[in-house]
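Enquirer: Quick one: the structure is below, and I'll ask about it shortly.
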Amino acid sequence: LVRIEFGADGSISRVRTFHVEHGLAESDVSTLARDRAGNLWVGSTGAGVVKIARNGFTSFSLADGIQGPYVRALIEDRRGFVHALAATPGSDGLFLNHFDGQRFVPTRINLAARYVGWGSAQLILESRQGDWWVATGAGLERYRGTGDASADLARPPARVYTTRTGLRNDSIFRMFED
């Protein structure tokens, strides 16, 4: 993980590199997110999540509730809760890991797709209307939102979008709401 600071003139004034010895769970970073409080959340490819706050690093792993060590995406929902979308290598499942302030609480997402794909970073989003969207290797799935992400994603998807319904390709690697 590299932090680059810029001077007032736009030139690089400082470069800091962070490694395991600084508090990262591992050096392989898969995704990043910043929450409303300004904390940086770092997802790894095999060791869970690290929260970087002004007062230091806090690591969260399987022992802290994260189901699936490969964190594919991090997101803060409309209510301000941080979630880690994670997978277990060799599994066809995805887990939404809800951070309750102390630890992560996992929910297996009720995917229609059997192939989750290999994308990372922007694989899940909560729309302005509160619906949840999950990108997979077999299409795009929409889940009706009720304000409880774990319950919403534990139900079957309301709709699945594939090449049969108009998508150009079933493998979705990134998404965002404009």
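The values are calculated or read from the model by the stated rules, or taken from the named source; none is laboratory data. On a predicted model such as this, the values are computed, not experimentally measured, just so you know. Cβ atoms come from the backbone with ideal geometry, glycine included; neighbour counts cover every protein chain shown. What goes into the accessible areas is simple: the full protein's heavy atoms, side chains included, and nothing from ligands, DNA or RNA. Shrake-Rupley method; radii C 1.70, N 1.55, O 1.52, S 1.80 Å.
Enquirer: When only residues in segment 7-18 that are open to solvent by 70 Å² or more (accessible area, probe 1.4 Å) and in contact (Cβ under 8 Å) with a residue 12 or more places away in the chain count, which is farthest from the chain's Cα centre (by Cα)?
Expert: Going through the qualifying residues, I end up with 15.
Enquirer: Of all residues in segment 45-83, count the ones that are within 14 Å of the chain's Cα centre (by Cα) and touching a residue at least 60 places away in the same chain (Cβ under 8 Å).
Expert: 3
Enquirer: At pLDDT 90 or above, crowded, with 18+ Cβ neighbours inside 10 Å and touching a helix residue (DSSP H, G or I) at 6+ places or on another chain (Cβ under 9 Å): does that describe residue 71?
Expert: Criteria not met by residue 71.
Enquirer: Yes or no: residue 47 touching a Pro at 6+ places or on another chain (Cβ under 7 Å), in a loop (DSSP other than H, G, I, E, B), over 28 Å from residue 157 (Cβ atoms) and modelled with pLDDT under 90?
Expert: So residue 47 passes the test.
Enquirer: Still on this structure, I have one more. When you go through 158, 138 one by one, which is the residue that is touching a Lys or Arg at 6+ places or on another chain (Cβ under 6 Å), among the small types (Gly, Ala, Ser) and open to solvent by 30 Å² or more (accessible area, probe 1.4 Å)?
Expert: Result: 158 is the single residue among 158, 138 that is touching a Lys or Arg at 6+ places or on another chain (Cβ under 6 Å), among the small types (Gly, Ala, Ser) and open to solvent by 30 Å² or more (accessible area, probe 1.4 Å).
Enquirer: Another question, if that's okay. Looking for whichever is more than 21 Å from residue 100 (Cα to Cα), surrounded by 10 or more Cβ atoms within 10 Å (Cβ to Cβ), of a type outside the set (A, V, I, L, M, F, W, C) and in contact (Cβ under 8 Å) with a residue 12 or more places away in the chain here; the options are 35, 28. Which one fits?
Expert: 28
Enquirer: Six or more apart or on different chains, Cβ atoms under 8 Å: show the pairs whose first residue is in segment 95-107 and closer than 18 Å to residue 132 by Cα and whose second is of a type in the set (D, E, K, R) and open to solvent by 30 Å² or more (accessible area, probe 1.4 Å).
Expert: Hits for this filter: 95/108.
Enquirer: From the residues in segment 122-135 that are under 20 Å from residue 43 (Cα atoms) and open to solvent by 30 Å² or more (accessible area, probe 1.4 Å), which one is modelled with the lowest pLDDT?
Expert: Of everything passing the filter in segment 122-135, 122 is modelled with the lowest pLDDT.
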